[in-house]
Amino acid sequence: MSGLAQDLRFALRQLRKSPGFTAVAVITLALGIGANTTIFSWLRSLVFDSFPGAAQPDRIVAIEHTAPDGHPLTTSYLDFRDFRDNLKLLENVTAYRGYVFSVGDAPSSERVWGEVASGGVFDMFGIKPEAGRFFSAEESNDAQNSHDVVVISHGFWKSHYHSDPSAVGSTLRVNRTPLTIIGVAPEAFHGTHAGLDFEFWIPLTMYGQLTHTGKWILEDRNARYFMLLARLAPGATIDRARDEVRSLASRMSEVDADADRGIGAVVLPEWESHFGTQAALLT
C-alpha cells in the first residue's frame, strides 16, 4: 500500500507540473467514458428496449419470407395483404420501409428520415397520439395514392412547429407532395427501426406518389420492397404463430406459384429479424 501511495503522489506532482497535459488527459478520459456510455445505451436499446412507448413490446414479432435456400427475403405488398387478411394468431400485420425524404420547398428543403407504413402500424404498437389522430380506417385501405396524410414525430413537432397544436391540419410537403398533418406521435415513439429516429409516417399506399414510380410496385408480387411486423394475438404463442404463418406461406407458394414457388415464411422475435438495425449485432 505504501508503494501505491508513493506512486500516486508522484503522478499528482507530475500532473501539477504539466497543467496542459493534465487538461488534455482529463478531457480525453471524459470523452472516452461519455462515448462508451452513449454507445452502450444505444446498443442496449436495440436489444432490451427496441420500441420505447409501445404496449407489451415483447408481443411484437417480425415476419420474414425465406428463399428456397433459407435466405431471408423482404416482402411484396400483395404478400403482405395475404398475411394481413388471413392470419388469426397475429394482429395488425404491418408493412413498412424507411426513406430519406425531401421536406419543404426548394431551395430551403431539407433531408428528413421518415417511413411509409400500412394503416395498422400505430395500433400494432399500441400507442395513442400526442395530438390529433392516427390513420383512419379509410386511410388504411389499399387504394393507391389516395391518402395524402402524415403523422409527425413529437421531436419534429417541437423543432419545426414549437409544439403548436395548430400544426395539426397544416400542410407538409414531402417529395413535392402536399400532405395534411393529422397527428403527432407520442414523445417516446421513434418508429419501426430500433435505435433510429424517424420524423414522420405516411400511409404505405402513397408509395407510388412519393417515389414517383407509379402504381406497379404495390401490384407486383415479385416486388419485395417491404418488411413486416405484427403483434401476437391475445393467448397466442410465437410457436403457434410460426405454424400458422408457415402453413399460409405454403398455400401462397402454390396459389401464386409464378412469384412464390418455393418461398416460405417464418416468425421471429423482433430482435432476431434480419432486416432491422439490430441485425448488425447478429452478424
If you plug each phi of the range 249-257 into the Karplus form 6.51 cos²θ - 1.76 cosθ + 1.60 with θ = phi - 60°, what whole-Hz ³J(HN,Hα) values come out, in order, with x for Gly and Pro? 4, 5, 5, 4, 5, 8, 5, 10, 4
Of the accessible area of the range 100-250, computed with a 1.4 Å probe and all protein chains kept, carbon and sulfur make up a percent value of 49 percent
Would you mind pulling out the separation of the Cα centroids of the range 77-141 and the range 204-257, in Å? 14 Å
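Give the Rg/Rh ratio for the range 57-282, taking Rg as the radius of gyration of the Cα atoms and Rh as the Kirkwood radius, to two decimals.
Reported Rg/Rh, Kirkwood definition of Rh: 0.97.
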Stretched out fully, how many nm does the piece from LYS215 to SER159 gain, at 0.36 nm a residue minus the Cα gap? 16.8 nm
How much accessible surface does ASP69 have with a 1.4 Å probe, in Å² rounded to 10? 130 Å²
So, for the range 57-282, what is the accessible surface per residue at a probe of 1.4 Å, expressed in square angstrom? 44 Å²
Over the Cα atoms of the range 116-247, compute the convex hull volume and normalise it per residue, giving Å³. 132 Å³
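The values are calculated or read from the model by the stated rules, or taken from the named source; none is laboratory data. Since we're looking at a predicted model, the values are computed, not measured. Heads up: the accessible areas ignore ligands, DNA and RNA and are worked out on the full protein's heavy atoms, side chains in. Shrake-Rupley method; radii C 1.70, N 1.55, O 1.52, S 1.80 Å.
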